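Data block below; observations after.
Quick note: the coordinates plus some simple rules give every number you see, no bench work behind them. Keep in mind it's a predicted model, so treat the numbers as computed, not measured. Every residue, glycine among them, receives a Cβ derived from its backbone with ideal geometry; neighbour counts consider all protein chains shown.
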Amino acid sequence: MKDLSLLKVVALAGGVGGARMVNGLAQLLSPVQLSIVVNTGDDFEYWGLFISPDLDTVMYTLAGISNPQTGWGLLDEGHRCLENMRLFHQPDWFGLGDRDLATHLTRTQWLREGKSLTEVTRRICSALGVQHAILPMCNEPCCTIAITRAGEMDFQTYFVKEQWQPQLMSLRWEGVSQAQLTPQVQQAFLEADLIIICPSNPFVSIDPILNLPGALEMIRAKPVLAISPIIGGKAVKGPAAKMFRELIDTEASAKSVASYYHHHIPLRGFIIDQQDQNLQNEISKMGIEVLVTNTLLSDPVTQKLIAEVVLDFACHLV
Ligand code: GDP
Ligand code: CA
């Protein structure tokens, strides 16, 4: 049983589900205690700008400026630039807002100057008043490519332009063999008492992190706790449930999430929603401690309450 004030945690996160969970954790753990490792497999270029959707979602959420309706993008956003881009017949399927553009313009400029994505993210976070370390998983491009019945496409084309409708056959990561966990991520893993896998999409938000050379070994060396992104057999939002069926021919359930992770990384603990209480015994039989609670991270107050339950459970596990 570890004292909460001494616990050092690394959270693995994608976009919305990850951001919602870390927004709870960040209300309870100091910047020394919590580091957040974020998927960059979604990163892409658009309008000549370098976009990092999951980093932005986590940054904006922790800065308290994300759009609460969508969970991504900014509050009080306008789209005047987008309107004029249409005049020039520029693509408009990725609806960048005017304020959001400032982030992408700055990131692109700083990357062109030769700064690493880690350094650029640190500077943007500092300007936005985010104190917790938001760490891109790697500095090199490592892009998720969706191989679908309609052909191969980069992840944002699949996810946003095609609205995740093409049937997925498999995924691959372009650049993964040249990519590496950043020194900051490695340091965070080494110092961690616990790794929390947020309720993010296992295939396109967490796997890109786990696939990086050496990541599995570093993560397996620590107690790992995961929260299910699947509630009552469905994704809270997005294609996670559809991906279970299409990629691994398995019905989506909290149990499928647990066994998917447990296959690569022995889970010390797993948190499922009250709706899935009937799965508790089956998951426990895999040798995992299971906690049943509300896991719908609807607003910052609920996010904090759920983070309290998660961390209380965590302190018993480590
Ligand atoms: P994305 O990059 O924006 O797709 O975000 P993530 O991969 O981090 O999160 C997507 C996953 O988060 C989906 O599978 C959702 O089911 C899950 N999710 C979103 N909100 C919640 C929530 O409040 N509770 C839980 N348990 N899962 C959530
Ligand atoms: Ca994402």
### Query
Which of the peptides 256-263, 130-137, 8-15 is most tightly packed, and how do the rest follow, judged by the mean count of other Cβ atoms within 10 Å per residue?
8-15, 130-137, 256-263
### Message
Only bridges whose two residues both fall in region 4-315 count here: according to DSSP, what percent of them are antiparallel, nearest 5?
### Response
40 percent
#### Entry: Relative contact order of the chain, pairs being alpha-carbon contacts under 8 Å that are 6 or more residues apart, as %
21 percent
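Cα gyration tensor of region 249-288, axes a ≥ b ≥ c as square roots of the eigenvalues: rounded (a/c below 1.5), prolate (a/b > b/c) or oblate?
Values: a/c = 1.86, a/b = 1.16, b/c = 1.60.
Taking the square roots of the gyration eigenvalues as a ≥ b ≥ c, region 249-288 is oblate.
With a 10 Å radius around each residue's Cβ, average the other Cβ atoms per peptide and rank 51-63, 158-170, highest first.
Values: 51-63: 24.7, 158-170: 15.3.
The packing order, highest mean first, is 51-63, 158-170.
Sort 94-105, 34-45 for me by packing, meaning the mean count of neighbouring Cβ atoms within 10 Å per residue, highest on top. Walk me through the numbers on the way to the answer.
Details: 94-105: 16.8, 34-45: 24.9.
So the order, starting with the most tightly packed, is 34-45, 94-105.
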### Query
Taking neighbour Cβ counts within 10 Å as the exposure measure, how do Val22, Val32, Val318 sort from fewest upward?
Val32, Val318, Val22
### Message
Let me test this: with uniform point scatterers at the alpha carbons of region 4-315, what is the Debye-based log₁₀ I(q)/I(0) at q = 0.07, 0.15 1/Å?
### Response
-0.25, -1.25
